[in-house]
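The values are calculated or read from the model by the stated rules, or taken from the named source; none is laboratory data. No experiment lies behind these values; they were computed from the predicted model shown. Don't worry about glycine lacking a Cβ; one is built from the backbone with ideal geometry, like all the others, and counts go over all protein chains shown.
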């Protein structure tokens, strides 16, 4: 094994297993698609297994599932006024991102959330949904909501582009934050692990031990990024109401 | 970076949307209702237990108040009965006293009446006896000449008889 053979970014390459086109729609089955299915199936299976025999005095699987739901519900209600109706959406979003992040932590598995197009799609979906909510709430007067209250008229030409730009930057920042964190974490882990394999046998424990610590940090970051993605989605939805 | 290879973007966008939509559907349809039902069932049970505990506490409080009220009623009733008994005893004693006094008065009256009757009878008897004596003396005087010595002796004899009669016990 040589340094030249180190290609940590290869873990992010999309591999098409089965090209599939339905009309103009490209539905090719790739490692991204498989990972996303796995994330959905595993998340639903774990949640349903945890709650399959609901008891008044819950055992730990049911307790974990309930606490998970209460956590996401609290998060939603804390960030969206009268946000009860958005709980299923945020719950699904949180679960989707968290499951995709955690599946990527399993050795040999692909990380779907390390794909900018995946995080970008999710971020754009939230952005468009919040835009639609804003339109439903304010109609065409929603353009006026981009300006803070009490702004002097002469500042409007200056502030409107700034506000619009910051508004349009929301999905970009949302997508890039998750994508960059996942990519950076996995890349660093790959590099450190590679160094561990390249190092002499008597010093291998340093990079390999470090990779174990990084692994724990990555799990924490996977949960944290799902949380941040959900919280920011809540903030954008609440801002639209 | 391989993530910027746009060749796979259409399929990845499609599968991301499809997967998320599937997860949203499954969560809304199967997962969340079960979790919410379990939590609400527990919350309902806890709420019912709390309600039962609250009701039991209220009932205990009500029973305590009723018990205290009953105790007060019993105490009041006991006091009333005691007072009634005291009144009755007092009245009975007063009645007995009045009856005794009336009896005493009646006895006294009877005694005075008897005394009066005895007196009157004694007077009548004295009067009758005196009349008899006078009649007898008159008869004796009319049958013979009376001298002073015989008259005196006769009168003396009559007075002795009278004293003897007085010393004889009466019927009363």
- request: Spot the failing condition for residue A:197; the list is (1) free of Cβ contacts under 8 Å to residues at least 60 places away in the same chain; (2) part of a helix (DSSP H, G or I); (3) out of contact with any helix residue (DSSP H, G or I) (no Cβ under 7 Å at 6 or more places or on another chain), and only one is missed.
  value: (1)
Residue satisfying all of: in segment B:6-26; more than 19 Å from residue A:22 (Cβ to Cβ) and within 7 Å of another protein chain (Cβ to nearest Cβ); surrounded by the fewest Cβ atoms within 10 Å (Cβ to Cβ) among these: B:24
- prompt: Got at least one residue in segment A:179-192 being in contact with a helix residue (DSSP H, G or I) (Cβ under 6 Å, 6 or more places away or on another chain) and under 26 Å from residue A:78 (Cα atoms)?
  reply: yes
message: Here's a check for you: in segment A:29-42, which residue that is buried (at least 19 other Cβ atoms within 10 Å of the Cβ) and without any contact (Cβ under 8 Å) to a residue 60 or more places away in the chain is nearest to residue A:91 (Cα to Cα)?
response: A:40
message: It is to be established whether one or more residues within segment A:29-40 are more than 16 Å from residue B:34 (Cα to Cα), modelled with pLDDT under 90, facing chain B (nearest Cβ under 7 Å) and over 17 Å from the mean Cα position of the chain (by Cα).
response: yes
query: Just a yes or no: is a residue in segment A:126-135 out of contact with any helix residue (DSSP H, G or I) (no Cβ under 6 Å at 6 or more places or on another chain), surrounded by 15 or more Cβ atoms within 10 Å (Cβ to Cβ), more than 14 Å from every other protein chain (Cβ to nearest Cβ) and in contact (Cβ under 8 Å) with a residue 24 or more places away in the chain?
result: yes
statement: Restricting segment A:43-77 to residues that are in contact (Cβ under 8 Å) with a residue 12 or more places away in the chain and more than 17 Å from residue B:34 (Cα to Cα), the one farthest from the other protein chains (Cβ to nearest Cβ) turns out to be A:75
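Listed here are the residues, each with its yes/no results for (1) under 22 Å from the mean Cα position of the chain (by Cα); (2) more than 30 Å from residue B:157 (Cα to Cα); (3) part of a helix (DSSP H, G or I).
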{"position": "B:75", "(1), (2), (3)": "yes, yes, yes"}
{"position": "B:80", "(1), (2), (3)": "yes, yes, yes"}
{"position": "B:86", "(1), (2), (3)": "yes, yes, yes"}
{"position": "B:95", "(1), (2), (3)": "yes, yes, yes"}
{"position": "B:99", "(1), (2), (3)": "no, yes, yes"}
{"position": "B:110", "(1), (2), (3)": "no, yes, yes"}
{"position": "B:120", "(1), (2), (3)": "no, no, yes"}
{"position": "B:123", "(1), (2), (3)": "no, no, yes"}
{"position": "B:137", "(1), (2), (3)": "no, no, yes"}
- prompt: Any idea how many residues of segment A:200-223 are surrounded by fewer than 18 Cβ atoms within 10 Å (Cβ to Cβ) and touching a residue at least 40 places away in the same chain (Cβ under 8 Å)?
  reply: 3
statement: Exactly one of A:90, A:70 is modelled with pLDDT of 90 or more, surrounded by 22 or more Cβ atoms within 10 Å (Cβ to Cβ), touching a helix residue (DSSP H, G or I) at 6+ places or on another chain (Cβ under 9 Å) and over 30 Å from residue A:17 (Cβ atoms), and that one is A:90
- prompt: Yes or no: residue B:10 touching a strand residue (DSSP E or B) at 6+ places or on another chain (Cβ under 8 Å) and assigned to a helix (DSSP H, G or I)?
  reply: yes
- prompt: How many residues does segment A:136-161 hold that are exposed (fewer than 12 other Cβ atoms within 10 Å of the Cβ) and either in contact with a helix residue (DSSP H, G or I) (Cβ under 6 Å, 6 or more places away or on another chain) or on the phi > 0 side of the Ramachandran plot (or both)?
  reply: 2
query: Right, residue B:29: in a helix (DSSP H, G or I) and more than 7 Å from chain A (Cβ to nearest Cβ) or not?
result: yes
